[in-house]
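Inspection log for the structure reproduced underneath, given as structure tokens.
The values are calculated or read from the model by the stated rules, or taken from the named source; none is laboratory data. What you see is a predicted model, and the numbers here were worked out from it, not measured in a lab. Positions of Cβ are backbone-derived with ideal geometry, glycine not excepted, and every protein chain shown enters the neighbour counts.
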Number of protein chains: 2
Amino acid sequence: MQILNYENLSQIQKVEALKRPVMSVKEELGGVVEKIIDDVKKRGDEALIEQSLKFDKVEISNIKISQKELNEACERIDENLKRAIQKAYENITKFHQAQLKEVLKVETSKGICCELLTRPIERVGLYIPAGSAPLFSTALMLAIPAKIAKCEKIVLASPAKINDVVLFCAKLCKVDEIYQMGGAGAIAALAYGTQSVLKVDKIFGPGNAFVTEAKRQVSSDIMGASIDMQAGPSEVLVIADENARADFVASDLLSQAEHGADSQVILVCLSEDFAKKVQKELEIQLKSLPRKEIASKSLNNSKIFIAKDLNDALEISNTYAPEHLIIQTQNPRELLSGVKHAGSVFLGAYSPESMGDYASGTNHVLPTYGLTKTHSSLSLMDFMKTMSVQELSPQGFKNLAKSVELMAEAECLHAHKNAVSLRLRTLENE
Amino acid sequence: MQILNYENLSQIQKVEALKRPVMSVKEELGGVVEKIIDDVKKRGDEALIEQSLKFDKVEISNIKISQKELNEACERIDENLKRAIQKAYENITKFHQAQLKEVLKVETSKGICCELLTRPIERVGLYIPAGSAPLFSTALMLAIPAKIAKCEKIVLASPAKINDVVLFCAKLCKVDEIYQMGGAGAIAALAYGTQSVLKVDKIFGPGNAFVTEAKRQVSSDIMGASIDMQAGPSEVLVIADENARADFVASDLLSQAEHGADSQVILVCLSEDFAKKVQKELEIQLKSLPRKEIASKSLNNSKIFIAKDLNDALEISNTYAPEHLIIQTQNPRELLSGVKHAGSVFLGAYSPESMGDYASGTNHVLPTYGLTKTHSSLSLMDFMKTMSVQELSPQGFKNLAKSVELMAEAECLHAHKNAVSLRLRTLENE
């Protein structure tokens, strides 16, 4: 990891040093994905079965997982792992359950009642990639809030052959249907439906470049489906002072680095001495990691900033706007009010990212690539939407009528005015 | 308006009858808008000044409105209109202020504290179109929540020459800067910044096809800006029973119809007799409207459905998922729990859409084109984002550590596991 002294950088160098690498999307990707989507729209299940053989090298006869297959998969899982997942399930449920909102009801003026209500999104599709690691924890992060939101249909898709633990999590969360299908074709099937696959209103979940592009395409089609967010490479920024333990910090940097060679890892600390201690720890810990090649690549692109003080450290963090922000300082909570942009914040020595990734209760689906400046971490509300309501009593209406007439007239919207005048006349004649 | 008996339609005919017309976007639009955006990115203010002359036929020398220009505009406004706007301002403020959230803090297990915090989006840009009517009410609907959210910079753009009342509303809401610029160029300037224009993080507001396309383009560029939502033609669905007044209903249909020839207007009632009464009223009221040509065109594409009962009426409404839903029945509130999808609901005879459009307190920026199935009406939260926080005590960490180790291992993420094991060993050795 490169060490940079933040104070010594010019304004331009600061911006440059905190820039993320350009996400290179191959130009032909759009066209390839479009063809896959079209094929699923035209031939449905048949296309999905072909794609499974072609891309995932798995021959399947049915898209939908049967109850029997589900039960058998669950029986193959170690009881200790089941109990661990159950614990995570309880914490995640508790945190997302607490996000349920009461109806907001306000009398804005006498006789004028305004409300904000929430309604579940009817049908949601959850995509769980296979890839290098079977991310069953993501199944929990998506299915638990969907269930709490009371979505009417919750379906889950993952490439064949679906990992047993993913199936167990789907069952635990009472997902309605499970489909073995992957990649752009799976996203198309969820967005448009097939003989076996239910069309959904909104698609959630991470995926590779094909999945991301497919999500982009179906979400820009009004007949397609909405999506949760565009995902970029995962990232962490750690703020550490002299009280932090270099080995703890190094272990957190490595848990981000192992995600992928394009993972972004940044350490902000207060001295070169501490930075070097962390570098040494990284070398030691790296040796014993099975994914050390990936982690090394990621670390090579990563940076350590030396900040003048914790205020400067916060400035660096807010400029970067990280997905994960770990604060290991003497009084981590003191910094919290200064954090403007982050997906999820981890306070103190005993709150490593791993805890939030799996089991503390927060959601691990977070905006990346600087999007924390404008986007929220995934929450219950992503599975619901709000609608407003207003009810005016005749008196409430009367009090406001003249104002609205004037404003409608000033906007040259005479029918808007007339809808008020007509009622006002009626009330005055009563 | 065409009258259809819903019960007599086949399933396919039902779907067909409730389909919105295809939004035809001219193919060359994308390229034209791209050129305008590029020009603003390259030449900044100079390009904006040229575009103002070319598209809006107004010669301007400065982009930013001066304090003097602002004060002069405000002096030209009628005092009654000012008071009317002040009343709307107060109601809208009251409703959006109530949407401020307390910090959500949950102890998910002993020693594990999870929080959900909100933070304002730093810089927001509000776009107010000029077009056929000066929509100053939209300035209120965007600037009031931005101010309550405590966005650090709130800027507003509108084509030259900006309407006096729009300027008055901007001043009332304490907007930081006002720019006279319009169309795709204005969106580009907000997304990328120019010599005079501040780059913003998120752009809000309606606009014509050029503005909509420009918003789409800058929001798909990671270096651009986020946007509020994609806007389609405005729409209303009215549910009326035999107790409703045909003249009230007709006036509401017309206030939607006058928005544009592509406005969607739907009435759902319980008898052909009532439908015909409304048709007669439409004819009468239409005559005195200045915008009768636009309104007639819109009505020609619109439909009246005869439903068997109010349950059927709700089914029609939920299938259509309207932007505005007006319920004029004997007990309108009884239907509310059955409303699954709507942007804003208007309950009873004295809650015409006009009241919500201007002054009841609810926001008039709403999802259209069926997007109420997945999207929320604009609210305070669109000007903020949430981030999660977790803080584990050593004991809280210890209780959960084994579970996380097991899950990380099952996901083949050994560095994630190591970040936990290392801490666990440290605690056990203490």
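Side notes on the structure shown:
- For region B:101-145, the set of residues classified as more than 8 Å from chain A (Cβ to nearest Cβ), within 30 Å of B:Leu167 (Cβ to Cβ) and over 15 Å from the mean Cα position of the chain (by Cα) consists of B:Pro120, B:Arg123, B:Ala130, B:Gly131, listed by residue number.
- A:Ile239 being crowded, with 18+ Cβ neighbours inside 10 Å, of a type outside the set (D, E, K, R) and outside the structural domain of A:Pro129 (by TED's automatic domain parsing): yes
- Residues that are surrounded by 21 or more Cβ atoms within 10 Å (Cβ to Cβ), within 7 Å of chain B (Cβ to nearest Cβ), under 30 Å from A:Thr426 (Cβ atoms) and at pLDDT 95 or above occur at least once in region A:372-387.
- Cβ pairs under 9 Å, 6+ apart, first in region A:282-302 and within 11 Å of another protein chain (Cβ to nearest Cβ), second among the β-branched types (Val, Ile, Thr) and in a loop (DSSP other than H, G, I, E, B): none
- Options B:Leu289, B:Leu267, B:Leu253; residue that is part of a loop (DSSP other than H, G, I, E, B) and either crowded, with 20+ Cβ neighbours inside 10 Å or over 23 Å from the mean Cα position of the chain (by Cα) (or both): B:Leu289
- When residues of region A:221-236 are limited to those that are over 12 Å from the mean Cα position of the chain (by Cα) and not in a loop (DSSP other than H, G, I, E, B), the one surrounded by the fewest Cβ atoms within 10 Å (Cβ to Cβ): A:Ser226
- Flag: A:Val211 does not match the condition of being within 19 Å of the chain's Cα centre (by Cα) and without any contact (Cβ under 8 Å) to a residue 40 or more places away in the chain.
- Options A:Cys114, A:Cys151: the member that is touching a Pro at 6+ places or on another chain (Cβ under 7 Å) and under 23 Å from B:Ser376 (Cβ atoms): A:Cys151
Residue-by-condition table, conditions (1) part of a helix (DSSP H, G or I); (2) among the basic types (Lys, Arg); (3) touching a residue at least 60 places away in the same chain (Cβ under 8 Å):
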residue	(1), (2), (3)
A:Met355	yes, no, no
A:Gly361	no, no, yes
A:Val389	no, no, yes
A:Gln395	yes, no, yes
A:Met407	yes, no, no
A:His416	yes, no, no
A:Ala419	yes, no, no
A:Thr426	yes, no, no
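- Among the numbered conditions (1) of a type outside the set (Val, Ile, Thr); (2) closer than 25 Å to A:Ser219 by Cβ; (3) out of contact with any Asp or Glu (no Cβ under 7 Å at 6 or more places or on another chain); (4) in contact (Cβ under 8 Å) with a residue 24 or more places away in the chain, the only one that A:Glu122 does not meet is (3).
- Residues being within 20 Å of A:Glu69 (Cα to Cα) and of a type in the set (Ser, Thr, Tyr) are entirely absent from region A:133-155.
- Within region B:180-199, the set of residues being assigned to a helix (DSSP H, G or I) and closer than 18 Å to B:Ala160 by Cα comprises B:Gly183, B:Ala184, B:Gly185, B:Ala186, B:Ile187, B:Ala188, B:Ala189, B:Leu190.
- The residue of region B:74-99 that is surrounded by the most Cβ atoms within 10 Å (Cβ to Cβ), among those that are over 27 Å from the mean Cα position of the chain (by Cα) and outside any loop (DSSP other than H, G, I, E, B), is B:Asn80.
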